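Chemist: Got a structure here, written out as structure tokens. Questions coming.
Throughout, read-outs are computed from the coordinates displayed, never taken from laboratory work. In this text the structure is predicted, and so the values were computed from the model without any measurement. Here the Cβ is made from the backbone with ideal geometry for all residues, glycine too, and neighbour counts use every protein chain on show.
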């Protein structure tokens with residue numbers, strides 16, 4: 001079916017919209033009894049049953065675009081009606097605009113509808129829709145002049161510009177949010193104090209999205225549970241029950257998408273104490289000590305320091321501490337340098353281990369292990385023992401593998417004879433560190 005409507009910036013006036021049966025009677029009184037029709041049901045609007053095709057799909061509201069309704073035969077001996085509806089609340093704001101015979105091209109205008117005998121109806125139904133959206137609906141009839149039962153087949157939504165000068169065919173806008181009801185059940189019911197209870201909230205419609213917060217006397221039970229497939233669940237228990245009682249449970253719905261919450265689901269759940277003929281057997285165990293402690297130091301490879309002037313630098317080889325003891329007594333690792341002794345051309349030369357300093361490093365630390373502070377070469381130096389790393393006693397402390405090292409700095413005395421020198425950096429571990 002084709003026609004040529006002329007668009008004007010008009011809208012259903014909510015305060016004066018004809019609703020329900022009164023709308024049908026008013027429309028019929030203008031057009032004749034054979035024109036009476038049922039209000040457009042929500043289920044038939046904007047639901048993909050078919051699109052009223054506009055050509056062009058956008059343009060000036062003063063233009064006369066053509067339209068086509070695939071559902072209504074263009075050559076059959078029948079008729080159709082063109083209606084407009086509020087897309088948000090269609091059943092409360094449906095207005096008949098014009099009867100259109102499928103085989104006749106009929107022009108009409110919102111502002112000049114005399115040919116359609118609607119001059120007395122339109123002014124009371126429409127007002128400004130600048131910047132808003134309206135819906136045009138086609139109702140198909142099997143007989144001439146709208147006789148028989150009409151079927152709402154195709155529709156389209158038109159967005160009107162803010163200044164009312166243009167229209168654009170748009171996707172259906174979201175209708176009013178769907179109210180969601182919640183039913184709450186518990187298993188087992190009645191419950192036994194101290195035993196697990198599963199709470200299930202079932203929402204209607206099952207397509208609702210969002211979360212359910214379960215509550216006991218207004219106090220949250222766990223966190224919000226996501227609705228999936230129409231239900232949401234959580235588990236709880238009621239401890240300390242010594243006499244029979246009743247818990248007041250609720251399931252509060254929080255919506256996402258085009259849904260709206262209604263009254264929370266509620267349940268009065270009887271909870272009985274555990275049977276008197278039950279008893280608790282005390283159990284005890286002593287966990288034996290287990291695990292071991294080890295310190296691994298590379299004593300084979302020589303670390304040669306690189307000298308520049310009166311300073312030399314280098315780094316230790318990796319130092320590994322492995323502690324698998326379940327007593328967690330703590331431990332500490334320290335280092336002390338011996339005197340440097342000259343050989344070869346430096347034979348007879350010597351200087352104290354305090355000329356060596358370090359900066360502790362690591363590549364892996366077990367829980368709670370901390371590195372020692374840097375020691376400055378020459379002051380105080382490593383001639384006396386200094387901590388490389390340590391961990392205090394405590395549950396879990398030091399358990400695992402710790403890999404340590406240190407950057408070395410040697411302050412060479414200006415009076416030291418030239419030549420090669422050797423020393424020994426001793427690494428020691430103590431297996432408790434209170």
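Chemist: I need the peptides 381-391, 343-353 ranked by packing, meaning the mean over residues of other C-beta atoms within 10 angstrom, with the highest value on top.
Modeler: 381-391, 343-353
Chemist: So, one more: What Kirkwood hydrodynamic radius, in Å, does the stretch 174-226 give when the mean of 1/r is taken over all pairs of distinct Cα atoms and then inverted?
Modeler: 13.0
Chemist: Send over the per residue convex hull volume for the stretch 178-272, Cα only, as a whole number of Å³.
Modeler: Output value, Cα hull per residue: 77 Å³.
Chemist: Could you state, as a whole-number percent, how many of the C-alpha pairs of the stretch 325-366 are farther apart than 12 Å?
Modeler: That fraction is 75 percent.
Chemist: Based only on other Cβ atoms within 10 Å, what is the fewest-to-most ordering of 253, 328?
Modeler: Fewest to most other Cβ atoms nearby, the residues stand as 328, 253.
Chemist: Something else: Over all distinct alpha-carbon pairs, what is the Kirkwood Rh of the stretch 232-334 in angstrom?
Modeler: By the Kirkwood definition, the hydrodynamic radius is 23.0 Å.
Chemist: Can I ask one more? Counting each pair of different Cα atoms once, what's the Kirkwood radius of the stretch 226-274 in Å, rounded to one decimal?
Modeler: Evaluated on the stretch 226-274, it is 13.3 Å.
Chemist: Rg to Rh for the stretch 293-430: what is it, with Cα atoms only and Rh by Kirkwood?
Modeler: 1.04
Chemist: Assuming R0 = 45 Å, can you tell me the calculated FRET efficiency for the pair residue 168 and residue 237, based on Cβ-Cβ distance, to the nearest 0.05?
Modeler: Efficiency computed from Cβ-Cβ geometry: 0.15.
Chemist: Test of understanding: what is the full-extension gain from residue 220 to residue 346, defined as 0.36 nm times their sequence separation minus their Cα-Cα distance?
Modeler: 37.3 nm
Chemist: Then there is this: At residue 414 and residue 161, where each label point lies 7 Å from the Cα along Cα→Cβ, what is the point-to-point distance in nanometres?
Modeler: 9.1
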